[in-house]
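Undergrad: Before we start, here is the structure in question, set down as structure tokens.
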Amino acid sequence: MLLKKISPFRSFLVLVSRNASHLTRQHYDVIVVGGGHAGTEAAAAAARTGAETLLVTQKILTIGALSCNPSLGGVGKGHLVKEVDALDGLCGRAGDWAGIHFSILNRRKGPAVWGPRAQLDRQRYREYIQSELLSTSRLTVLEGSVEELLVTEPNPAEPGQHRVTGIHLANANDPISASSVVLTTGTFLSGSLFVGQTTSPGGRIGDAPSSGGLSQTLRDRLGLRTGRLRTGTPPRIVKDSVDLSLALLHPPDSNPAPFSFLNKHTHIKPEEQLPCHLTQTTPGVERVVRESLHLNSHIQQDTKGPRYCPSIESRVLRFSGRNHQVWLEPEGLTSDLLYPQGLSMTMPPDVQLRLIREIPCMRKAEIHTPGYGVQYDFVCPTQLNPSLRVKSTQGLFLAGQINGTTGYEEAAAQGLWAGVNAARWALSLPELALSRTESYIGVLIDDLVSRGVTEPYRMFTSRAEFRTSLRPDNADLRLSLKGFEEVGCVSSLRYQEAVRVRDNLQDARAALQEFSLSTDSWRVHLPDTHISEFKHTALTGMEVLQYNDASFEMLMSAFPETFSPYMEFSQRLKIEAVYRSHCDLQKKEIERIQREENMSLPQDMDYFTAKVPLSQEVREILDRVRPSTLGAAIRLEGITPSAIVHLLHYVNNTRQKKRRTHRNQPDQKEKSEEEQYAGNTAFP
């Protein structure tokens with residue numbers, strides 16, 4: 001059951017306008033700039049952590065807006081949503097409320113890389129986020145545009161060359177001071193919109209451009225290195241103008257899995273959810289793209305765009321002669337629009353119409369809003385520390401696309417962690433970091449601050465070394481307890497639920513481990529489970545669950561008195577059984593690597609001739625970068641988890657051999673001297 005009900009939207013506007021027109025204080029612990037996914041999570045997290053927080057956004061009605069695809073989650077991205085929820089963030093619960101099509105991607109692979117995903121109703125999602133923010137204590141919302149940051153001399157007791165003390169709003173006389181500031185400007189930092197050969201300032205169509213003073217402050221006053229990235233969005237198609245019978249129907253999952261650990265069901269029932277449809281491009285699409293390149297200034301520029309979500313122009317130029325998938329996704333339960341995922345484009349509107357009509361099911365399609373491109377400034381994230389604070393500037397935190405990422409989920413994850421640390425900074429508490437061994441959020445932040453970006457960063461499960469341990473199903477056990485006991489951003493309600501789940505799972509594991517039968521008995525009770533006839537040792541319930549064709553439901557049916565109390569956790573127990581042996585081994589590797597992360601690597605090591613099982617690509621990376629420690633090697637792009645383990649073993653073995661040799665050398669030398677002495681001595 002969903003624990004949150006949305007307050008009437010009209011009441012929300014009244015409350016917000018009161019906050020906006022009657023700001024009751026001029027100093028806050030934390031100021032968050034921007035009301036997108038990063039900003040809303042940052043503001044809510046800072047307030048939950050105990051800080052008096054101000055959220056400043058250009059337009060109140062767009063707080064929580066889904067600027068591009070109205071969806072949440074996916075492969076890798078779904079892991080981030082589950083982790084944000086485990087830390088009491090907003091987006092998971094909002095997704096459960098607004099989801100109109102739930103599905104698990106990657107079902108054919110193991111549960112560790114499943115991708116929870118939902119298509120969302122734009123309006124429902126936005127209203128839920130806004131309602132949550134307005135019901136959050138210690139949080140004030142203000143409509144306005146930030147002209148510049150207030151910067152003073154640093155506190156000599158802390159590292160840094162500058163200190164941020166607040167903001168100055170455009171068209172406002174008095175500044176607003178704060179102990180820390182979180183910038184979540186998205187694509188609005190010196191943003192430019194592109195349609196065909198037309199360029200205009202802005203970060204999202206229909207919204208005013210941001211102030212150029214903020215970019216100038218970051219570059220000129222604070223001396224931060226910035227770059228330029230780009231992204232884009234497809235045209236929105238009038239649903240009734242598309243012949244969906246010519247596209248492949250994809251219904252939602254019959255038993256939708258909620259994002260939030262607090263929810264047992266999604267708000268919209270499975271039978272009321274909407275399908276998506278799959279189609280593909282044609283040679284005619286490629287022809288239109290090539291004929292219109294001279295009319296497309298966005299695609300002609302060398303600004304880096306998202307590699308894994310490219311525009312149709314980029315796809316055609318990179319993969320000539322191919323047909324490309326296009327997903328036709330609904331924008332809401334009552335919306336008359338479709339989102340054609342895979343057709344981001346920036347050509348002139350009349351050419352966009354020509355292009356989409358080259359696809360059979362859209363021969364008569366009409367465009368409601370044309371697609372467009374966006375270029376914007378980002379700050380090179382290697383200038384941040386793992387708390388997402390700018391190293392050179394006390395009290396300044398950055399989150400979201402300003403750090404070079406792409407996607408709602410990556411932004412939300414950064415926003416939550418930046419909000420937590422901004423609050424802790426303001427409250428004179430130590431900043432915290434998440435390890436990449438315990439969360440995808442830790443992987444994301446570590447990748448950004450240690451490697452930087454050359455293109456918009458997107459999360460994938462392959463980026464995590466220990467992904468069989470960092471599964472979507474166990475994010476609550478990994479993070480909710482820590483979030484309450486150490487971080488301070490998790491409510492007592494969620495903490496109590498996480499403790500209940502932990503204790504019950506422990507009891508269930510113990511019951512499975514203690515329940516043992518001979519293989520003959522198991523075959524009698526579970527005839528559909530293919531236990532080898534040549535196996536004669538006793539098996540525990542946990543070992544039987546490791547068989548592909550065994551389920552917890554089967555065990556419960558055969559032995560209800562023992563296992564029925566744990567039916568609630570049937571899927572989680574099955575997943576844990578499948579991954580148990582691998583996770584035990586991985587846990588030992590994690591602990592060892594954590595202990596040895598500061599281990600220095602020989603700077604004279606010849607990576608090409610070293611007798612260690614490394615690929616040629618890994619050898620080239622290590623030789624080129626020559627990392628000083630094992631931890632630095634872990635963070636190199638292209639270095640696999642197995643390579644780190646092999647490298648660790650090789651260096652340790654090499655050093656042990658050297659120590660043994662070193663211990664033997666003095667004895668040999670001493671013996672040589674004795675022999676020499678004896679040889680030169682005349683005995684009586």
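Undergrad: Does region 105-116 contain at least one residue that is among the β-branched types (V, I, T), in a helix (DSSP H, G or I) and closer than 22 Å to G488 by Cβ?
TA: Within region 105-116, none of the residues are among the β-branched types (V, I, T), in a helix (DSSP H, G or I) and closer than 22 Å to G488 by Cβ.
Yes/no per residue for (1) touching a Ser or Thr at 6+ places or on another chain (Cβ under 8 Å); (2) more than 21 Å from Q280 (Cα to Cα):
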{"residue": "P348", "(1), (2)": "yes, yes"}
{"residue": "Q352", "(1), (2)": "no, no"}
{"residue": "E358", "(1), (2)": "yes, no"}
{"residue": "I367", "(1), (2)": "no, no"}
{"residue": "P370", "(1), (2)": "no, no"}
{"residue": "P381", "(1), (2)": "no, yes"}
{"residue": "S387", "(1), (2)": "no, yes"}
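Undergrad: Pick from T140, T165, T152, T136: which is of a type in the set (S, T, Y), free of Cβ contacts under 8 Å to residues at least 24 places away in the same chain and open to solvent by 20 Å² or more (accessible area, probe 1.4 Å)?
TA: T152
Undergrad: If you take the residues of region 312-358 that are in contact with a helix residue (DSSP H, G or I) (Cβ under 6 Å, 6 or more places away or on another chain) and open to solvent by 70 Å² or more (accessible area, probe 1.4 Å), which of them is farthest from V289 (Cα to Cα)?
TA: So the residue we want is D336.
Undergrad: Okay, next question. Considering every residue within region 47-56, establish whether at least one is open to solvent by less than 10 Å² (accessible area, probe 1.4 Å), more than 27 Å from T334 (Cα to Cα), in contact (Cβ under 8 Å) with a residue 24 or more places away in the chain and of a type in the set (S, T, N, Q).
TA: Yes, there is a match, as at least one residue in region 47-56 is open to solvent by less than 10 Å² (accessible area, probe 1.4 Å), more than 27 Å from T334 (Cα to Cα), in contact (Cβ under 8 Å) with a residue 24 or more places away in the chain and of a type in the set (S, T, N, Q).
Undergrad: Collect the residues in region 581-613 that are of a type outside the set (G, A, S) and over 29 Å from the mean Cα position of the chain (by Cα), keeping them in residue-number order.
TA: Listed by number, the residues that qualify are L601, P602, Q603, D604, M605, D606, Y607, F608, T609, K611, V612, P613.
Undergrad: Here's something else I'd like to know. Do we have any residue at all in region 248-266 that's aliphatic (A, V, I, L, M), crowded, with 18+ Cβ neighbours inside 10 Å and at pLDDT 95 or above?
TA: yes
Undergrad: Report, by residue number, each residue of region 160-192 that is farther than 24 Å from A45 by Cα and modelled with pLDDT under 90.
TA: A170, N171, A172, N173, D174, S190, G191, S192
Undergrad: To continue, here is another question. If only one of L470, L479, L493 is open to solvent by less than 20 Å² (accessible area, probe 1.4 Å), assigned to a helix (DSSP H, G or I) and of a type in the set (A, V, I, L, M), which one is it?
TA: From the options L470, L479, L493, the qualifying one is L479.
Undergrad: Let me ask something else about it. Looking at (1) open to solvent by 10 Å² or more (accessible area, probe 1.4 Å); (2) small (G, A, S); (3) touching a Ser or Thr at 6+ places or on another chain (Cβ under 8 Å), which is the only condition A43 fails?
TA: Condition (1) is where A43 drops out.
Undergrad: Identify the residue in region 176-195 that is assigned to a strand (DSSP E or B) and not small (G, A, S) and, among all such residues, is farthest from A422 (Cα to Cα).
TA: V195
Undergrad: Still on this structure: Name every residue in region 457-478 that is closer than 23 Å to R230 by Cα and touching a Cys at 6+ places or on another chain (Cβ under 8 Å), in order of residue number.
TA: The answer is R458, and nothing else.
Undergrad: Kindly provide the set of residues from region 211-247 that are surrounded by fewer than 17 Cβ atoms within 10 Å (Cβ to Cβ) and among the charged types (D, E, K, R), ordered by number.
TA: Within region 211-247, R219, D220, R221, R225, R228, D240, D243 qualify.
Undergrad: I would also like to ask the following. Answer with yes or no whether D623 is of a type in the set (D, E) and at pLDDT 85 or above.
TA: Considered against the rule, which asks whether it is of a type in the set (D, E) and at pLDDT 85 or above, D623 comes out as yes.
Undergrad: For region 117-145, enumerate the residues that are basic (K, R) and not in a loop (DSSP other than H, G, I, E, B).
TA: Selection gives R117, R122, R124, R126.
Undergrad: Looking at this structure, is E148 part of a helix (DSSP H, G or I) and modelled with pLDDT of 90 or more?
TA: No, not satisfied.
Undergrad: Here's a follow-up. State whether one or more residues within region 99-117 are in contact with a Gly (Cβ under 6 Å, 6 or more places away or on another chain) and buried (at least 22 other Cβ atoms within 10 Å of the Cβ).
TA: Looking through region 99-117, at least one residue is in contact with a Gly (Cβ under 6 Å, 6 or more places away or on another chain) and buried (at least 22 other Cβ atoms within 10 Å of the Cβ).
Undergrad: Can I ask one more? Farther than 20 Å from E637 by Cα and among the basic types (K, R): does that describe R424?
TA: yes
This table checks each residue for (1) surrounded by 15 or more Cβ atoms within 10 Å (Cβ to Cβ); (2) at pLDDT below 90; (3) under 30 Å from V645 (Cβ atoms); (4) in contact with a helix residue (DSSP H, G or I) (Cβ under 8 Å, 6 or more places away or on another chain).
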site	(1), (2), (3), (4)
S518	no, no, no, no
K535	no, yes, no, yes
L539	yes, no, no, yes
S551	yes, no, no, yes
M556	yes, no, no, yes
P560	no, no, no, no
M567	no, no, no, yes
A577	yes, no, yes, yes
D584	no, yes, yes, no
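Undergrad: Given the criteria of a type in the set (F, W, Y), under 26 Å from H530 (Cβ atoms), open to solvent by 20 Å² or more (accessible area, probe 1.4 Å) and assigned to a helix (DSSP H, G or I), does Y650 qualify?
TA: no
Undergrad: Now for a separate question. Is it true that N173 is more than 29 Å from D121 (Cα to Cα), part of a loop (DSSP other than H, G, I, E, B) and open to solvent by 40 Å² or more (accessible area, probe 1.4 Å)?
TA: Here the answer is yes, as N173 does meet what is asked.
Undergrad: So F397 passes all but one of these: (1) part of a strand (DSSP E or B); (2) more than 30 Å from R315 (Cα to Cα); (3) at pLDDT below 95. Which condition number does it fail?
TA: F397 satisfies all of (1) part of a strand (DSSP E or B); (2) more than 30 Å from R315 (Cα to Cα); (3) at pLDDT below 95 except (3).
Undergrad: Then there's this: Within region 500-556, can you find the residues that are closer than 19 Å to H582 by Cα and among the basic types (K, R)?
TA: Hit for region 500-556 is R509, nothing else.
Undergrad: Go through (1) of a type outside the set (K, R); (2) at pLDDT 95 or above; (3) outside any loop (DSSP other than H, G, I, E, B) one by one and return the number of the condition G50 breaks.
TA: (3)
Undergrad: Based on what the data block shows, is A86 touching a residue at least 12 places away in the same chain (Cβ under 8 Å), open to solvent by less than 10 Å² (accessible area, probe 1.4 Å), farther than 30 Å from A208 by Cα and touching a Lys or Arg at 6+ places or on another chain (Cβ under 9 Å)?
TA: yes
Undergrad: Could you say whether any residue in region 607-628 is under 19 Å from L470 (Cβ atoms) and open to solvent by 60 Å² or more (accessible area, probe 1.4 Å)?
TA: no
Undergrad: Can you pull out every residue in region 253-304 that is in contact with a helix residue (DSSP H, G or I) (Cβ under 8 Å, 6 or more places away or on another chain), closer than 22 Å to Y372 by Cα and among the hydroxyl-bearing types (S, T, Y)?
TA: T279, T281, T282, S292 - these are the residues of region 253-304 that are in contact with a helix residue (DSSP H, G or I) (Cβ under 8 Å, 6 or more places away or on another chain), closer than 22 Å to Y372 by Cα and among the hydroxyl-bearing types (S, T, Y).
Undergrad: Now a separate question. May I ask you to verify whether S439 is farther than 27 Å from E591 by Cβ and at pLDDT 95 or above?
TA: So S439 fails the test.
The values are calculated or read from the model by the stated rules, or taken from the named source; none is laboratory data. Computed from a predicted model, the values in this text were never measured in an experiment. Don't worry about glycine lacking a Cβ; one is built from the backbone with ideal geometry, like all the others, and counts go over all protein chains shown. Just the protein is used for accessible areas: all its heavy atoms, side chains included, with ligands, DNA and RNA removed. Shrake-Rupley method; radii C 1.70, N 1.55, O 1.52, S 1.80 Å.
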